[in-house]
Amino acid sequence: MNPDRIHRAVSPDGTEIAGPVTGDGPPLVLAHGGLDDGTISWETMLPRLREHYTCFVPSMRGRGLSADDPDQRPERHAEDLAAFIDRIGEPAAVLGYSTGGYYALGATRRGADVRALALFEAPVFACFEGDAEDLERFRDGVAGMAEAADRGDLTDAARRFMHGVSNDDEMAVMEPSGVFERYGRFVPHLLRVLEQADDTEVVDVNEPSQLAHVTVPTLLLYGTRTTTGHHESTRLLAERLPNARLHEIPDVGHGAPVLAPDAVTDALRSFLDAVLADGRRPVGRAAT
């Protein structure tokens, strides 16, 4: 990416969150997934997105251009993203991928100035308890990542984790691409996040009043070949968010933003163009 500038914001606990800005058009914030700093998740989508939107690509705390902090609880990441969005100075659309979607939902609930929200397979972790095979695969992926990291093989650690959330065809495509080496840089960061993940909740989906506050137009994207946990997470959010719509992308799994960028980009653009074409400004902030 050749950024036009760097956007910076300070989270409530004093952590600076930063990321490059590129493109031209209405602001679109891209919240990356767990094994990334924003340079991988959006690499294949940005060339098209930047033609239509000013793309803001923040890194989670401890990654990329952002400052680090020992506190890696999900609540802090949601606050970071909210601060980054509000610093733009006008309502922004937000696309969150995987855990980035979970944080984007939390930022919106906290009142960030979000005009439209799109989530690609944001996880609701309780939904992963429903399918024994998927749950075992995910747990094995996390355990395998930790074991490989302990012996210093970060590439294999990333491979083991991605096996827990990806289908076999996706793994076969990623293996020769070199992406596991790139993901491996962020294994220590993800392990820190997972160690603290049980300490708090960004959004309690079992408390209807929390999701009722998220009234912005919301697009919930998922692939037909994703895990049961990601599928059920998306379905649950569709049931409980008051202004949400589902969009199914055929024959893709959890890696679609990287491996099937055109399908995700087309769905996102169709949604955002409809929202932005509306002469009214939708409800831009979550009710408080």
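Between Asp71 and Thr224, the contour length at 0.36 nm per residue exceeds the Cα-Cα span by 51.6 nm.
Computed from Cα positions, the angle between helix 228-240 and the longest principal axis of the chain comes to roughly 20 degrees. Of all the Cα-Cα pairs you can form in the chain, what percent are over 30 Å apart? Every Cα pair in the chain considered, those over 30 Å come to 23 percent.
Subtracting the Cα-Cα distance of Glu195 and Leu246 from their residue separation scaled by 0.36 nm leaves 15.2 nm. Between Arg48 and Met171, the modelled labels are 2.8 nm apart [label points 7 Å from Cα along Cα→Cβ].
Computed on the range 129-196, the Cα convex hull volume stands at 75 Å³ per residue. A Förster radius of 22 Å, combined with the Cβ-Cβ distance separating Glu90 from Asp24, puts the computed FRET efficiency at roughly 0.95.
The angle between the Cα long axis of helix 261-277 and the main principal axis of the chain comes to about 20°, on a 0 to 90 degree scale. Extending 7 Å from the Cα toward the beta-carbon at both Glu239 and Phe125 defines two label points whose distance is 2.1 nm. I want the local charge near Pro47. Using Cβ-Cβ distances under 15 Å, sum +1 for each Lys or Arg and -1 for each Asp or Glu among the other residues. After counting each charged neighbour, the total is -3.
Distance between the pseudo-spin-label points of Leu276 and Ala132 (7 Å out from Cα toward the beta carbon): 4.9 nm. Relative to the dominant Cα principal axis of the chain, helix 99-109 is inclined by about 30°.
Computed from the coordinates by the stated procedures, all read-outs in this text should not be read as laboratory data. Please read all numbers here as calculations on a predicted model, not as lab measurements. Every residue, glycine among them, receives a Cβ derived from its backbone with ideal geometry; neighbour counts consider all protein chains shown.
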